[in-house]
Structure formats: C-alpha cells, structure tokens
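Undergrad: The structure follows.
Read the figures in this text as sums done on the coordinates, not as results from a lab. Since this is a predicted model, take the numbers as computed values, not measurements. Positions of Cβ are backbone-derived with ideal geometry, glycine not excepted, and every protein chain shown enters the neighbour counts.
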Amino acid sequence: MGYALAKEQQDYVSRLVKSGRFNNQSEAVRESLRRMQRQETDYLTPPPLTPAQVEAIYGREDQQAATVGRGAFRALKAAVRQGAKP
C-alpha cells in the first residue's frame, strides 16, 4: 500500500527514523495509525463513571429522584390547568 505525506510530515518521519525511535518509515506510520485508532476508541467508549463522579455530577440518587418527581408533577399540574389531557 502506498501513501503520500506532506513535506513536513515526511521530514518528521525521517527525523523519527534518524533518531533511532523507529527502524524505518513504515514502523513510524503504523505507530501513528495505532495511536489514532486508540484515541478514537477511547473517545467513543469512555470508561464508566465511578459512584463518586455520578454523585458529583447528578447529586445523590434520592435527591435526583425527588427533583425529577417534583418537576414531572408540576408539569402535569400545569398541563391540567391549561386543559390538556395527561
């Protein structure tokens, strides 16, 4: 498979090879693709939130349920006052 790189990218890959970080240009390109794949995977599938993070963002579960419940109840009462059918 062939590929074309901009002059700056070619120079960068050449510096990586000359510095001994990679044995050849193909290794440098493969590593860059692996990093890009890993970055996309990490972005699209972040780790789940810890319980402490959930609490910091949303508050405690019982507080959240009470708030959502009150909000839904107020919306229902407002709809009834306006003559809408629930």
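Undergrad: Among all stretches of the chain without exposed trypsin sites (Lys or Arg not before Pro) (DSSP loop, at most 12 other Cβ atoms within 10 Å), which one is longest?
TA: Segment 22-59 is the longest.
Undergrad: Let me ask you something else. Full extension from Ala79 to Arg35: what is 0.36 nm times the residue separation minus their Cα-Cα distance, to one decimal in nm?
TA: Residue separation times 0.36 nm, minus the Cα-Cα distance, leaves 10.6 nm.
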